[in-house]
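The values are calculated or read from the model by the stated rules, or taken from the named source; none is laboratory data. All values reported here derive from a predicted model rather than from experimental measurement. Cβ: placed from backbone, ideal geometry, glycine included. Neighbour counts: every protein chain shown.
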């Protein structure tokens, strides 16, 4: 009978409204009526059900279904008010008098400051407001300061979990790798409210990404106000980069609007070193590259309340990057006696650019006072990139006398991606549990061209054997159901199931080769939390994930560095899967312990293979391993004094790797220790100093060995003119040790050691100016901001 009832709820969503009664009252101080007071109605277990704010005369009114509730009233400068009420008919609470806080306004602000790290059932919430080093920075640098998250080599990972996908306000960004990082660099960290680290995402979210999800929650404008923030910053590494950002928010009555623009221009220095130990001698490569960091982006967002229950909205994002770069590459070849045999100099210039546009329309409707809510989203994403690289590699004697031309060519590559997606989500609280369910369909089309011209004769000649057009389509249909049940004050359970059906097709016109892959997969999730007492909380979660290859990794053609070194894609790459288990404990929300296990099957990754007979280096991708990752993480939040607060993390990570393909290599693993400490010092009411340090030990993981990474950073922030202006300074990676070093692998008996430093050491000076009107005169009061708060994860 219970199953039949649940089926009816799934097939026929409840649009019928339950009988409700009026709840009203008036909020005053001892002297006058209080406008703008927040009124919240919650269940006795603490779940927010509805809310509003008081009118100019201090009155409020709302419709509530019969039942027992808690009413909460809050207003800055006054003591919070809470009371249990029983609604059986229309109820007038009369006049409620709020008492003024005994503390002054500055003390109130300090008391209401959010914790830097908040642990929730299925995610960790990282609040940026206390971090000085993110001031004037971008979203990518902010993510890198989040606990347990690392950004390295264009890859964002949760420690011990793997590559993570990134969302903005719950919507997936359909970019990965370098393109994703460039996009995140266009977003000001000042616009970010908080960052959610979701290691095991619930069934509502897409199953893509073995390392879970990073959800960036953007700030929203304060009700009935407008605000403008202008940020100017300058980064100095070997070269300089200037950034100008402007963000505008407007929120009045039923209308909310925001617009932002971002412009960046300058250069950064990149240095790469590679050592290859061939049987007939060592070969070393050093590349010095001057990379243009040029970006322009903008965002428009509009929301309008059609009624007290229904909101429609539109968003548009545009992002353009032009990271042209000039590289000087030197390759030294030694004989078996370690004597220099010959030199190859590669001079190249790359004209590179990308642009993407994202459109979103959405509708959110609240069906009744029980907070049943239905939402629809339609998204379109378009991405285009170009890559035009001309290079000449000449051979020289050890005395630098010209011998001949090693290789001269031009690589031209273009890629276009279109993505349509449509989804519907239903929040459907029942008496037995809080139920949610929904569906999503997406359609992806990708086309990439690779053209290679041989220019050794001085006249470009198209080489059809090294040119290709590659078409790729991916369609996905998904449905999910998720249930949450609070058993009592101690136990809470959540379980979900997501079904994804995927069809892919890759076609190489040059090779006349088609690769088809269809699969139907289930992705279960489970969460349990136990509140032993007010100091101790335990939670257990499990989730299954998928990691699909990037589109460019599927293109089977070669991109050359010189005649003995090239990179190629693999159209036969298959998705990898992961099973994630995590057990965590929180003590007084100060000390958090996490023990986790992550099992990866059919794993794929980069292979730096070599051919000893021709001294050729080949960079390719293969499904070649399965992995068991495990670890324990500790996070400690401390306030040693009123002026010194500290956030600290310590992770111990291990792995066991097995190769599932014969790549003529032997796996090896070792323990990795990762430590970070972020310390904020309040030097005065308007002055903060921050000192950060992080260190990761050398470790072995499967095919690779990685050297240590550390960073020592100092940040300073000064508030001026009642916080309407901020001046910030950051010295990042002062000792220049925060880059990838000693990245070592041995394949086919050839050892390769690689290092890369992309200007991790720099200084930044930023100035932020805020102005606006906090209280627009409003004749008609809107119905409250509780729905907006819920949509942002509050």
Does residue 473 qualify as being in contact with a helix residue (DSSP H, G or I) (Cβ under 8 Å, 6 or more places away or on another chain), surrounded by fewer than 18 Cβ atoms within 10 Å (Cβ to Cβ) and not assigned by TED's automatic domain parsing to the domain that holds residue 200?
-> no
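Kindly indicate whether residue 213 is more than 25 Å from residue 723 (Cα to Cα), crowded, with 16+ Cβ neighbours inside 10 Å and at pLDDT below 95. Even if it seems obvious, please write down each step before you answer.
On the way: more than 25 Å from residue 723 (Cα to Cα): yes; crowded, with 16+ Cβ neighbours inside 10 Å: yes; at pLDDT below 95: yes.
Considered against the rule, which asks whether it is more than 25 Å from residue 723 (Cα to Cα), crowded, with 16+ Cβ neighbours inside 10 Å and at pLDDT below 95, residue 213 comes out as yes.
Can you tell me which residue is nearest to residue 62 (Cα to Cα) among those in region 74-99 that are in a loop (DSSP other than H, G, I, E, B) and either modelled with pLDDT under 85 or in contact with a helix residue (DSSP H, G or I) (Cβ under 9 Å, 6 or more places away or on another chain) (or both)? Lay out the reasoning, then the answer.
First, the residues of region 74-99 that are in a loop (DSSP other than H, G, I, E, B): 75-77, 79-80, 88-90, 98-99.
Retained after the next criterion (residues that are either modelled with pLDDT under 85 or in contact with a helix residue (DSSP H, G or I) (Cβ under 9 Å, 6 or more places away or on another chain) (or both)): 75-77, 79-80, 88, 99.
On the way: 75: 19, 76: 22, 77: 25, 79: 23, 80: 20, 88: 14, 99: 24 Å.
My answer is 88.
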Subset of region 235-252 that is under 25 Å from the mean Cα position of the chain (by Cα) and surrounded by fewer than 16 Cβ atoms within 10 Å (Cβ to Cβ) - its residue that is farthest from residue 733 (Cα to Cα) = 244
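Do you know which of the residues in region 721-747 that are out of contact with any strand residue (DSSP E or B) (no Cβ under 7 Å at 6 or more places or on another chain) and more than 30 Å from residue 667 (Cβ to Cβ) is surrounded by the fewest Cβ atoms within 10 Å (Cβ to Cβ)?
It comes out as 722.
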Taking strands (runs of 3 or more DSSP E) that do not extend beyond region 702-760, which have at least 3 residues that are within 28 Å of the chain's Cα centre (by Cα), without any contact (Cβ under 8 Å) to a residue 60 or more places away in the chain and within 30 Å of residue 625 (Cβ to Cβ)?
-> 704-706, 740-747
Any idea which of (1) at pLDDT 90 or above; (2) surrounded by fewer than 15 Cβ atoms within 10 Å (Cβ to Cβ) is the one residue 453 doesn't satisfy?
-> (2)
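For a quick check of your reading: which strands (runs of 3 or more DSSP E) sit entirely within region 546-638 and have at least 3 residues that are buried (at least 18 other Cβ atoms within 10 Å of the Cβ)?
In region 546-638, 558-562, 576-587, 591-611 are the strands (runs of 3 or more DSSP E) which contain 3 or more residues that are buried (at least 18 other Cβ atoms within 10 Å of the Cβ).
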Has region 253-275 got any residue that is buried (at least 19 other Cβ atoms within 10 Å of the Cβ), part of a loop (DSSP other than H, G, I, E, B) and touching a residue at least 40 places away in the same chain (Cβ under 8 Å)?
-> no
Please find, within region 139-158, the residue that is surrounded by the most Cβ atoms within 10 Å (Cβ to Cβ) out of those that are without any contact (Cβ under 8 Å) to a residue 40 or more places away in the chain and out of contact with any strand residue (DSSP E or B) (no Cβ under 6 Å at 6 or more places or on another chain).
-> 151
Filtering region 496-533 for residues that are in a loop (DSSP other than H, G, I, E, B) and free of Cβ contacts under 8 Å to residues at least 12 places away in the same chain leaves a count of 2
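Hey, can you tell me all the residues within region 290-319 that are farther than 17 Å from residue 258 by Cα and surrounded by 18 or more Cβ atoms within 10 Å (Cβ to Cβ)?
Hits for region 290-319 are 291, 292, 293, 295.
Can you tell me which residue among 136, 162, 58 is more than 22 Å from residue 589 (Cβ to Cβ), modelled with pLDDT of 80 or more and crowded, with 20+ Cβ neighbours inside 10 Å? It would help to see each step written out before you state the result.
Working: 136 fails: modelled with pLDDT of 80 or more; 162 fails: modelled with pLDDT of 80 or more.
When all the criteria are applied, what remains is 58.
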Has region 21-34 got at least one residue that is under 19 Å from residue 224 (Cα atoms) and either modelled with pLDDT of 80 or more or in the same structural domain as residue 374 (by TED's automatic domain parsing) (or both)?
-> yes
